[in-house]
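> Quick one: the structure is below, and I'll ask about it shortly.
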Amino acid sequence: MDPVRCSVKGVYMATGPLGASPTVVLKLGDEERCLPIYIGLWEAISIRNALKQEVPPRPLTHDLFVEFMRSFDIVLRELVIDSLEDGVFYARLILERDHHTMSMDCRPSDGIALSLRCGAEMLVDPGVVAGSSVPFREISGLEDLDTYLTG
(Lines give C-alpha, C1' and ligand atoms only; values in the text may rest on other atoms or scores of the structure.)
Protein backbone atom coordinates (compact mmCIF):
# COMPACT_ATOMS: atom_id res chain seq x y z
CA MET A 1 0.00 0.00 0.00
CA ASP A 2 1.04 3.57 -0.61
CA PRO A 3 1.97 5.84 2.28
CA VAL A 4 -0.84 8.04 3.61
CA ARG A 5 -0.55 11.79 3.15
CA CYS A 6 -0.98 13.80 6.30
CA SER A 7 -1.07 17.36 7.55
CA VAL A 8 -0.81 18.95 10.96
CA LYS A 9 -4.23 19.27 12.56
CA GLY A 10 -2.81 21.13 15.54
CA VAL A 11 -0.32 21.34 18.38
CA TYR A 12 -1.70 20.66 21.83
CA MET A 13 -0.93 19.86 25.41
CA ALA A 14 -2.40 16.50 26.34
CA THR A 15 -3.31 16.73 29.99
CA GLY A 16 -4.15 13.83 32.26
CA PRO A 17 -3.68 12.51 35.78
CA LEU A 18 0.08 12.13 35.28
CA GLY A 19 0.63 15.66 33.96
CA ALA A 20 0.83 17.34 30.57
CA SER A 21 2.67 16.39 27.41
CA PRO A 22 3.08 18.39 24.20
CA THR A 23 1.36 16.60 21.32
CA VAL A 24 1.24 17.14 17.59
CA VAL A 25 -1.84 15.67 15.94
CA LEU A 26 -1.56 14.66 12.30
CA LYS A 27 -4.69 14.55 10.16
CA LEU A 28 -4.53 11.53 7.86
CA GLY A 29 -5.68 12.32 4.35
CA ASP A 30 -9.36 13.18 4.18
CA GLU A 31 -10.26 10.88 7.05
CA GLU A 32 -11.43 11.75 10.54
CA ARG A 33 -8.65 9.54 11.87
CA CYS A 34 -5.59 11.22 13.33
CA LEU A 35 -2.17 10.27 14.56
CA PRO A 36 -1.23 11.83 17.92
CA ILE A 37 2.51 12.01 18.53
CA TYR A 38 3.86 13.06 21.92
CA ILE A 39 6.84 15.38 21.50
CA GLY A 40 9.08 17.79 23.39
CA LEU A 41 7.97 21.30 24.31
CA TRP A 42 10.55 23.09 22.13
CA GLU A 43 9.62 20.96 19.13
CA ALA A 44 5.94 21.73 19.77
CA ILE A 45 6.71 25.45 19.85
CA SER A 46 8.75 25.16 16.66
CA ILE A 47 5.90 23.36 14.86
CA ARG A 48 3.44 25.97 16.15
CA ASN A 49 5.72 28.78 14.88
CA ALA A 50 5.92 27.14 11.45
CA LEU A 51 2.13 26.72 11.29
CA LYS A 52 1.64 30.39 12.14
CA GLN A 53 4.53 31.40 9.86
CA GLU A 54 6.17 33.23 12.73
CA VAL A 55 9.83 33.94 12.16
CA PRO A 56 11.99 34.68 15.21
CA PRO A 57 14.44 37.59 15.07
CA ARG A 58 17.32 35.07 15.17
CA PRO A 59 17.11 31.57 13.69
CA LEU A 60 16.16 28.76 16.02
CA THR A 61 17.43 25.23 15.33
CA HIS A 62 14.90 24.25 12.65
CA ASP A 63 15.18 27.63 10.93
CA LEU A 64 18.96 27.29 10.94
CA PHE A 65 18.76 23.80 9.45
CA VAL A 66 16.49 25.05 6.65
CA GLU A 67 18.93 27.89 5.88
CA PHE A 68 21.80 25.38 5.86
CA MET A 69 19.93 23.19 3.35
CA ARG A 70 19.16 26.18 1.14
CA SER A 71 22.79 27.33 1.24
CA PHE A 72 23.89 23.97 -0.14
CA ASP A 73 20.98 23.52 -2.59
CA ILE A 74 19.52 20.61 -0.61
CA VAL A 75 15.77 20.16 -1.07
CA LEU A 76 13.58 18.40 1.46
CA ARG A 77 11.22 16.35 -0.71
CA GLU A 78 9.25 14.54 1.97
CA LEU A 79 9.02 13.27 5.50
CA VAL A 80 8.04 9.63 5.95
CA ILE A 81 6.92 8.43 9.37
CA ASP A 82 7.72 4.81 8.73
CA SER A 83 7.57 2.80 11.94
CA LEU A 84 6.50 2.59 15.55
CA GLU A 85 8.58 0.50 17.93
CA ASP A 86 7.95 0.22 21.67
CA GLY A 87 5.82 3.37 21.59
CA VAL A 88 8.44 5.41 19.70
CA PHE A 89 7.74 6.75 16.20
CA TYR A 90 10.56 6.73 13.64
CA ALA A 91 10.83 8.86 10.53
CA ARG A 92 13.04 9.66 7.56
CA LEU A 93 13.72 12.85 5.68
CA ILE A 94 13.97 12.34 1.93
CA LEU A 95 16.49 14.90 0.68
CA GLU A 96 17.66 15.74 -2.82
CA ARG A 97 20.70 17.54 -4.19
CA ASP A 98 21.96 17.55 -7.77
CA HIS A 99 19.47 14.81 -8.74
CA HIS A 100 20.85 12.60 -5.95
CA THR A 101 18.33 11.43 -3.35
CA MET A 102 19.20 10.34 0.15
CA SER A 103 17.29 9.29 3.25
CA MET A 104 18.15 10.58 6.72
CA ASP A 105 16.82 9.27 10.02
CA CYS A 106 15.03 11.88 12.15
CA ARG A 107 12.58 12.28 14.97
CA PRO A 108 9.07 12.85 13.59
CA SER A 109 8.78 16.13 15.50
CA ASP A 110 11.92 17.54 13.86
CA GLY A 111 10.79 16.23 10.48
CA ILE A 112 7.39 17.89 10.86
CA ALA A 113 8.98 21.21 11.88
CA LEU A 114 11.28 21.09 8.84
CA SER A 115 8.59 19.89 6.41
CA LEU A 116 6.30 22.75 7.35
CA ARG A 117 9.07 25.28 6.77
CA CYS A 118 10.06 23.72 3.42
CA GLY A 119 6.59 22.91 2.12
CA ALA A 120 7.54 19.24 1.89
CA GLU A 121 5.02 16.43 1.76
CA MET A 122 4.41 14.46 4.95
CA LEU A 123 3.61 10.75 4.68
CA VAL A 124 2.81 7.96 7.12
CA ASP A 125 3.37 4.27 6.50
CA PRO A 126 0.03 2.39 6.21
CA GLY A 127 1.10 -0.03 8.96
CA VAL A 128 1.67 2.86 11.35
CA VAL A 129 -1.73 4.30 10.40
CA ALA A 130 -3.43 0.94 10.99
CA GLY A 131 -1.78 0.44 14.37
CA SER A 132 -1.79 3.95 15.83
CA SER A 133 -4.46 6.18 14.34
CA VAL A 134 -7.58 7.13 16.27
CA PRO A 135 -10.63 9.29 15.59
CA PHE A 136 -9.85 12.84 16.72
CA ARG A 137 -12.94 12.95 18.94
CA GLU A 138 -11.53 10.02 20.97
CA ILE A 139 -8.36 11.88 21.99
CA SER A 140 -9.11 13.25 25.43
CA GLY A 141 -7.51 16.06 27.40
CA LEU A 142 -6.22 18.14 24.50
CA GLU A 143 -5.77 21.86 24.99
CA ASP A 144 -4.44 24.12 22.24
CA LEU A 145 -0.76 24.88 22.92
CA ASP A 146 -1.22 28.65 22.77
CA THR A 147 -4.10 28.50 25.24
CA TYR A 148 -2.12 26.26 27.59
CA LEU A 149 0.98 28.48 27.52
CA THR A 150 -0.90 31.75 28.02
CA GLY A 151 -3.57 30.49 30.39
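The values are calculated or read from the model by the stated rules, or taken from the named source; none is laboratory data. Since the structure is predicted, the reported quantities are computational estimates derived from the model, not experimental observations. Note that we place each Cβ from the backbone using ideal geometry, even for glycine, and neighbour counts take in every protein chain shown.
> Condition test on Ile94, is it in contact with a strand residue (DSSP E or B) (Cβ under 7 Å, 6 or more places away or on another chain), under 21 Å from Pro56 (Cβ atoms), at pLDDT 95 or above and not hydroxyl-bearing (Ser, Thr, Tyr)?
Numbers: in contact with a strand residue (DSSP E or B) (Cβ under 7 Å, 6 or more places away or on another chain): yes; under 21 Å from Pro56 (Cβ atoms): no; at pLDDT 95 or above: yes; not hydroxyl-bearing (Ser, Thr, Tyr): yes.
So Ile94 fails the test.
> Tell me the residue from Gly151, Gly87, Gly127, Gly131 that is over 16 Å from Thr23 (Cβ atoms) and either without any contact (Cβ under 8 Å) to a residue 12 or more places away in the chain or acidic (Asp, Glu) (or both), please. Write out each step before concluding.
On the way: Gly87 fails: over 16 Å from Thr23 (Cβ atoms); Gly127 fails: either without any contact (Cβ under 8 Å) to a residue 12 or more places away in the chain or acidic (Asp, Glu) (or both); Gly131 fails: either without any contact (Cβ under 8 Å) to a residue 12 or more places away in the chain or acidic (Asp, Glu) (or both).
Gly151 is the lone residue from the list that is over 16 Å from Thr23 (Cβ atoms) and either without any contact (Cβ under 8 Å) to a residue 12 or more places away in the chain or acidic (Asp, Glu) (or both).
> Right, next: Within region 93-128, track down each residue that is touching an Asp or Glu at 6+ places or on another chain (Cβ under 9 Å) and hydrophobic (A, V, I, L, M, F, W, C).
Residues satisfying the conditions are Leu93, Ile94, Met102, Ile112, Ala113, Ala120, Met122, Leu123, Val124, Val128.
> Right, something else. Tell me the strands (runs of 3 or more DSSP E) entirely within region 41-143 that contain at least 2 residues that are buried (at least 18 other Cβ atoms within 10 Å of the Cβ) and within 12 Å of the chain's Cα centre (by Cα).
On the way: elements: 75-85, 88-97, 100-106, 121-124.
It comes to 75-85, 88-97, 121-124.
> Suppose the filter is closer than 20 Å to Asp30 by Cα, among the polar types (S, T, N, Q) and in contact with a strand residue (DSSP E or B) (Cβ under 6 Å, 6 or more places away or on another chain); does Ser115 pass it?
Values: closer than 20 Å to Asp30 by Cα: yes; among the polar types (S, T, N, Q): yes; in contact with a strand residue (DSSP E or B) (Cβ under 6 Å, 6 or more places away or on another chain): yes.
Yes.
> Kindly provide the set of residues from region 29-40 that are within 24 Å of Ala130 (Cα to Cα), under 12 Å from the mean Cα position of the chain (by Cα) and in contact (Cβ under 8 Å) with a residue 40 or more places away in the chain, ordered by number.
Within region 29-40, Leu35, Pro36, Ile37, Ile39 qualify.
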